[in-house]
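Colleague: Below is one structure. I have some questions about it.
The values are calculated or read from the model by the stated rules, or taken from the named source; none is laboratory data. The structure displayed is predicted, hence computed values, not measured ones. Note that each Cβ is placed from the backbone with ideal geometry, even for glycine, and that neighbours are counted across all protein chains shown. Calculation scope for accessible area: heavy atoms of the full protein, side chains included, ligands and nucleic acids excluded. Shrake-Rupley method; radii C 1.70, N 1.55, O 1.52, S 1.80 Å.
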Amino acid sequence: MDVMAAQTDGYAIEVKRLTKVYGEHYALRGIDLSVKWGDFLAIFGPNGAGKTTLLKVLATIVKPSSGDVSVAGFNLSEDAVKVRNRIGVVSHQTLLYDDLSAYENLRFYGKMYEVADLKNRINQLVAQVGLESRLHDPVRTLSRGMQQRLAIARALIHDPPILLLDEPGTGLDQQASAMLADIIISTLTRQRTVIMTTHSLEQGAALSNRVIIIADGKIAYEGPKQQDLGSLREAYYQHTGVKN
Amino acid sequence: MKGAASKTLAIVWKDITSEMRTKEVATSLVAFALLIIVVVSFTLEPGENNGSLAASILWVALTFAGVLGLSRSFIIEKDKGCLQGLMLCPVDRSILYLGKMLSIMIFMIVVEIIILPVFIVLLDQSGFPPQLPVIALLATIGFAAVGTLFSAMAVNTRAREVMMPLLFLPIASPVIIAAIKSTGLVLSGESWGAIASWLGVMAAFDVIFLTVSPLVFEFVIEE
C-alpha cells in the first residue's frame, strides 16, 4: 500500500471553519487549523472542550456539521476510505477484542487494511512494543499498559503517515505512562505527522513541536512549543480558566 | 471485489473466533429458545397440538432468542471502542454491515440446527418437513438483514435492551408472520405450492432489506 504517495507539498491536515453540532450543543465552533507534514501537534484543553470531537472528525468517525477538512491531501467527505488508509488512531480505549489474542487482533486489523506480508509486519510491531512473549495470550489477560502498547501496534499495522493520539495515557500508572511515552517517541514519531490530545501539559510539551489550546469548541491559543512549561501553564489558565 | 469479500470474511472470522472462545451468544440463544419450547410443550395436552400452534411456538422462540443474539452482537463491538476500530478501517460501511450480518446469520442458523429437531420431537410432529430448512433460511436472512441494522442503531441508545425489540419487531413482522404461516402449513402436511406465496413474501423482504440496509448503515453507526 503506497500510503506515502499522498504526501504532497501541501499540509498533512487542513481544517477550515469546522463546526460540529450535537442537537443544540456546539462541540466545535469554526475551527481553522493547518498541520505540516512531520509536525507533532499537542492539543490541550479541559474536558468537553472539543479535543476528542476534533480527532474523531479527522479520523472520519464523526461527520462535520459544516466546514472543509482534508487529511493527507484527501477531502474527508469525498475520500473517507483513502483518508482511513493514511491515519492510525490510538485512543484511551484500546479498540481491541478481549477474547482474541494479541496476534489475532493484529491479524484481523491487518487483513482489514490489506497489509502485505502480514506475519512479518506483526512480528516486527510486537517486537517494537515489547510484547513478543504475550503474542498468543488473550487480550483480556494483558495489563492495561500492555493493552495500550498493543493498541499502538494496531494503529501502526498499516504504517500510516499520520497518527491521531487521543489521550493515550489515560488510565495508565506513572511507569506505564512513561513507557508509553518512550514508545511514542521511538515508534510513532519517525517520519510521521502526529496530533495528540492530552491533559498532561508536561508530556504534550515534551513530545510536540507545536501546541494549541482548545476551549469551548474554539482554538483559544496556538503557538510553537514553549520552552518554559510555566508560560504554557499560564496560557492554559488564561484561556480555559482551569489550573493544570 | 476480492478485497471487499476478504474483509467481509475477516469480520465473520473475528466474530466466530470470539464466539468459539466465549460461547456467549450461541449458548444463550439455544438455552433461551429451548426453554420456551420445553415450557410450552408441557402445557399442551396430547392431541391438542396442531401445525399453526406449533409454528407459532417455534417462531416466537426463535424470534426472541434472535433478538437476544442481535443485541449482544453490537454490544461486544461497543466494548473497548471496537466499533470505532471497525469504523476506522479503510472499507465502505456496507462491508461492515455485510460482515456483521453474515455473523449473525451463522449464529442463528447454528441455533436453528439445534432447535428444529428438538422442536419436532417435543411438539409431537410427525416428521421433518423438507420445506422447513428453506423457510428457516429465508426467515433468517430477513431477520439478520433487518436485525443488524437495528442492533447497530440500538447500541448507541441508553435503553438498548428495550430499544432493540421495540425497533426490530414491528419492521420484522412481515417475515415473522410469513415464517409462522408457511411453517404452519408444512407442519399440517401441505405441499410446496401452498407455501409459495409466503416464500415469495420472505424472499421479497430479504431482497428489499439486503438492498436498503447496507446503504443506510453508514448513517446508523455515525455518532
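Colleague: Being open to solvent by less than 40 Å² (accessible area, probe 1.4 Å), modelled with pLDDT under 95 and more than 7 Å from every other protein chain (Cβ to nearest Cβ) is the filter here; which residues of segment A:89-109 pass it?
Modeller: Selection gives A:90 alone.
Colleague: Output the qualifying pairs, or none if there are none: Cβ atoms under 6 angstrom, residues six or more apart or on different chains, first residue in segment A:218-236 and surrounded by 15 or more Cβ atoms within 10 Å (Cβ to Cβ), second residue modelled with pLDDT of 90 or more and basic (Lys, Arg).
Modeller: Listed pairs, sorted by first residue: A:218/A:29.
Colleague: Hey, can you tell me all the residues within segment B:80-119 that are away from chain A (no Cβ under 14 Å) and open to solvent by less than 20 Å² (accessible area, probe 1.4 Å)?
Modeller: The answer is B:97, B:101, B:104, B:108, B:111, B:112, B:115, B:116, B:119.
Colleague: Pick out the one residue from B:17, B:63, B:8, B:43 that is open to solvent by 40 Å² or more (accessible area, probe 1.4 Å) and either among the β-branched types (Val, Ile, Thr) or closer than 21 Å to residue B:209 by Cβ (or both).
Modeller: Unique residue meeting the criteria: B:43.
Colleague: On to the next question. Among the numbered criteria (1) without any contact (Cβ under 8 Å) to a residue 24 or more places away in the chain; (2) touching a Cys at 6+ places or on another chain (Cβ under 7 Å), which single criterion is violated by residue A:97?
Modeller: Condition not satisfied by residue A:97: (1).
Colleague: Moving to a separate point now. Scan B:188, B:173, B:197 and give me the residue that is more than 30 Å from residue A:56 (Cα to Cα), open to solvent by 30 Å² or more (accessible area, probe 1.4 Å) and at pLDDT below 95. Please lay out each step first, then the result.
Modeller: Details: B:173 fails: at pLDDT below 95; B:197 fails: at pLDDT below 95.
From the options B:188, B:173, B:197, the qualifying one is B:188.
Colleague: Of the conditions (1) farther than 20 Å from residue B:205 by Cα; (2) touching a helix residue (DSSP H, G or I) at 6+ places or on another chain (Cβ under 8 Å); (3) among the hydrophobic types (A, V, I, L, M, F, W, C); (4) open to solvent by 10 Å² or more (accessible area, probe 1.4 Å), residue B:162 satisfies every one except a single condition; which number is it?
Modeller: The single condition residue B:162 does not satisfy is (2).
Colleague: Taking segment A:110-127 only, how many residues are modelled with pLDDT under 95 and within 11 Å of chain B (Cβ to nearest Cβ)?
Modeller: 0
Colleague: Further question on the same structure: State whether the residues of segment B:176-197 include one that is touching a helix residue (DSSP H, G or I) at 6+ places or on another chain (Cβ under 7 Å), more than 12 Å from residue B:51 (Cβ to Cβ) and of a type in the set (D, E, K, R).
Modeller: For segment B:176-197, residues touching a helix residue (DSSP H, G or I) at 6+ places or on another chain (Cβ under 7 Å), more than 12 Å from residue B:51 (Cβ to Cβ) and of a type in the set (D, E, K, R): absent.
Colleague: Still on this model: For segment A:1-100, please list each of the strands (runs of 3 or more DSSP E) lying entirely inside it that holds at least 1 residues being among the hydroxyl-bearing types (Ser, Thr, Tyr).
Modeller: The strands (runs of 3 or more DSSP E) meeting that bar are A:13-22, A:25-35, A:66-71, A:87-91.
Colleague: If you check residue B:51 against the conditions, is it within 20 Å of residue B:213 (Cα to Cα), more than 13 Å from chain A (Cβ to nearest Cβ) and either surrounded by fewer than 23 Cβ atoms within 10 Å (Cβ to Cβ) or out of contact with any Lys or Arg (no Cβ under 8 Å at 6 or more places or on another chain) (or both)?
Modeller: no
Colleague: Working carefully through the options B:140, B:148, B:211, find the one that is in a helix (DSSP H, G or I) and open to solvent by 10 Å² or more (accessible area, probe 1.4 Å).
Modeller: B:211
Colleague: If you don't mind, there's one more thing I want to ask. Going residue by residue through segment B:54-69, is there one that turns out to be part of a helix (DSSP H, G or I), among the aliphatic types (A, V, I, L, M) and within 14 Å of chain A (Cβ to nearest Cβ)?
Modeller: So far as segment B:54-69 goes, no, none of its residues is part of a helix (DSSP H, G or I), among the aliphatic types (A, V, I, L, M) and within 14 Å of chain A (Cβ to nearest Cβ).
Colleague: I'd like the full set of residues that are open to solvent by 30 Å² or more (accessible area, probe 1.4 Å) and modelled with pLDDT of 80 or more, limited to segment A:169-181.
Modeller: A:170
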